[in-house]
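Okay, so here's the structure we're looking at.
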Amino acid sequence: MSERLRIAVQKGGRLGTKSLELVESAGFRILRGANELLYRIENAPIDLLCVRDDDIPTFVDDGVADFGIVGRNVLEERGAGELTEVMPLGFGRCTLKIAAPAGWPYRGVQSLQGARIATTYPRTLARFLERNGVEAEIVTMRGAVEVAPRLKLAQVICDLVSTGATLEANGLVAVDTVMNSEAVLIRGASKINAALAHVAASVVQRFRGVAASQGSKYVMMNAPRSALPEISRILPGAGAPTVTPLAGNDDAVAVHAVCQESVFWETLEKLRGAGASAILVLPIEKMM
Ligand code: PRT
Ligand code: ZN
């Protein structure tokens, strides 16, 4: 068993930078030495193993790494086995979609019966088709799935979509969703060295804190006491707000709340409409 906790992260790619940012936001200082495969954490007994995303589940499963950060789509395609998703991390969001050439007659999953579907996610797609009682031919490709319909390799594709620009550039339209994905923290069945158990617990707790604080906002305002029920109703994803009296004014209170969802301008306008004034929306750096 290793003396240091190991977390496998993608080297480069779409998740690499964000994964390192998460680690740093959690207060772990990364020492970027000459070894690009292994980064040491300066202030905790943790090493980051920087590898291809496809290898991360295997490393975690084999106990070479204690945790991994990988797209849920990669985990799903592999078949989770003994691996578990500890928590979603809130970045690398994308959707595995079925897409067809514009004008292709799609009327629900049954339209895929007998079709040829190109994908880099054959197992996930097969499970989706099976769940829906559809039989189709799966053409497995290593990449560039979006060109398959033009090359007549397949009629339809199943691929990850984030902005939708790739589909649009290839004259394809998303017609169905197979799964939603984002970066997730994964853990295997292997035991963590007892001496490192507290480090593992702290990684999980701090990552949870960072993931939760992203998108959360601290909202403060003044309001007439009578407007409190209406204001509580408007605040998105807030628990019970903290209410404190304002000096020298018996009818007015200060309201403080942590909102777990985005606070849009529309929300502020509604709060104003309900009688709130001096509304402040602040970012939250850490939450525990
Ligand atoms: O080299 P390595 O094997 O490590 O990396 P990789 O090339 O296999 O993976 P990489 O870095 O491309 O993606 C890593 C993870 O990012 C994926 O497993 C997903 O969980 C996540 N992710 C988020 C995406 C996308 N968004 C995404 N848009 N992965 C791929 N794409 C591709 C998609 O396949 C399509 O080709 O981007 C294109 C579509 O993008 P839009 O923006 O045009 O819709
Ligand atoms: Zn890969």
Using alpha carbons only, how many degrees (0 to 90, rounded to 10) separate the axis of helix 122-131 from the longest principal axis of the chain?
80 degrees
Check: C-alpha center region 1-23 vs C-alpha center region 144-201, spacing in Å is 18 Å
At 222 nm, what value in deg cm²/dmol follows for the chain if DSSP H runs of at least 4 each add -39500 (n - 2.57) and the sum is divided by all its residues, to the nearest 500?
-7000 deg cm²/dmol
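For region 94-181, go through all pairs of different Cα atoms, get the mean of 1/r, take its inverse, and jot down that Kirkwood value in Å. Could you put the intermediate results ahead of the total?
On the way: mean 1/r = 0.0796 Å⁻¹.
Hydrodynamic radius (Kirkwood, Cα pairs) of region 94-181 is 12.6 Å.
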Please give every one of the lysines within straight-line cross-link reach of Lys191, meaning a C-alpha to C-alpha distance under 26 Å, and leave out same-chain neighbours fewer than 8 residues apart.
Lys11
Please give the length that would be gained between Glu261 and Thr166 if that part of the chain were fully extended, namely 0.36 nm times their separation in residues minus their C-alpha to C-alpha distance (nm, one decimal).
31.3 nm
Point-to-point label distance, His198-Ala254, nm (Cα→Cβ direction, 7 Å offset)
3.7 nm
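Determine the dipole magnitude for region 217-283: charges of +1 sit on the beta-carbon of Lys and Arg, -1 on that of Asp and Glu, nothing else is charged, the reference point is the Cα centre, and the result goes in debye to the nearest 20. Please report the intermediate quantities before stating the final value.
Working: 5 positive and 6 negative charges, 15 e Å.
That gives region 217-283 a dipole magnitude of about 80 debye.
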Quick check: net charge around Gly171, other residues with Cβ under 10 Å of its Cβ, Lys/Arg +1 and Asp/Glu -1?
-1
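By how many nm would the segment from Glu137 to Glu230 grow when fully extended, if each residue of separation counts as 0.36 nm and the alpha-carbon distance is taken off? Can you show the working numbers first?
Working: separation 93, 0.36 × 93 = 33.48 nm, distance 5.47 nm.
Length difference between fully extended and current span is 28.0 nm.
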May I ask for the Kirkwood hydrodynamic radius of the chain, worked out over all distinct Cα pairs and given in angstroms to one decimal?
22.1 Å
Quote the accessible area belonging to Met179 in square angstrom, nearest 10, computed with a 1.4 Å probe and with ligands, DNA and RNA left uncounted.
30 Å²
Sort 140-147, 20-27 by packing, meaning the average of other beta carbons within 10 Å per residue, with the highest value first.
20-27, 140-147
The chain - percent of accessible surface contributed by carbon and sulfur, probe 1.4 Å
51 percent
J(HN,Hα) series, region 174-184, from Karplus relation 6.51 cos²θ - 1.76 cosθ + 1.60, nearest Hz, glycine and proline x
5, 10, 7, 10, 8, 7, 9, 9, 7, 5, 10
Could you work out the relative contact order of the chain? I mean the mean sequence separation of Cα pairs under 8 Å and 6+ apart, divided by the number of residues, in percent.
19 percent
Surrounding charge for Leu38, neighbours by C-beta under 9 angstrom, Lys/Arg +1, Asp/Glu -1, total 0
So who's got an amide H within less than 5 Å of the one on Met87, skipping anything under 5 residues away but keeping other chains? H placed 1.01 Å off N, in plane.
Leu185
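How would Trp265, Trp104 line up by accessible area, probe 1.4 Å, largest first?
Values: Trp265 190, Trp104 70 Å².
Accessible-area ranking of Trp265, Trp104, largest first: Trp265, Trp104.
Show me 117-129, 274-286 ranked by packing, highest mean number of other Cβ atoms within 10 Å first.
On the way: 117-129: 20.5, 274-286: 13.7.
Order by mean packing, descending: 117-129, 274-286.
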For Asp62, solvent-accessible area (1.4 Å; no DNA, RNA or ligand), Å²:
110 Å²
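The values are calculated or read from the model by the stated rules, or taken from the named source; none is laboratory data. Here the structure is a predicted model, which is why all the values come from computation and not from measurement. Every residue, glycine among them, receives a Cβ derived from its backbone with ideal geometry; neighbour counts consider all protein chains shown. Only protein heavy atoms, including side chains, enter the accessible area calculation; ligands, DNA and RNA are left aside. Shrake-Rupley method; radii C 1.70, N 1.55, O 1.52, S 1.80 Å.
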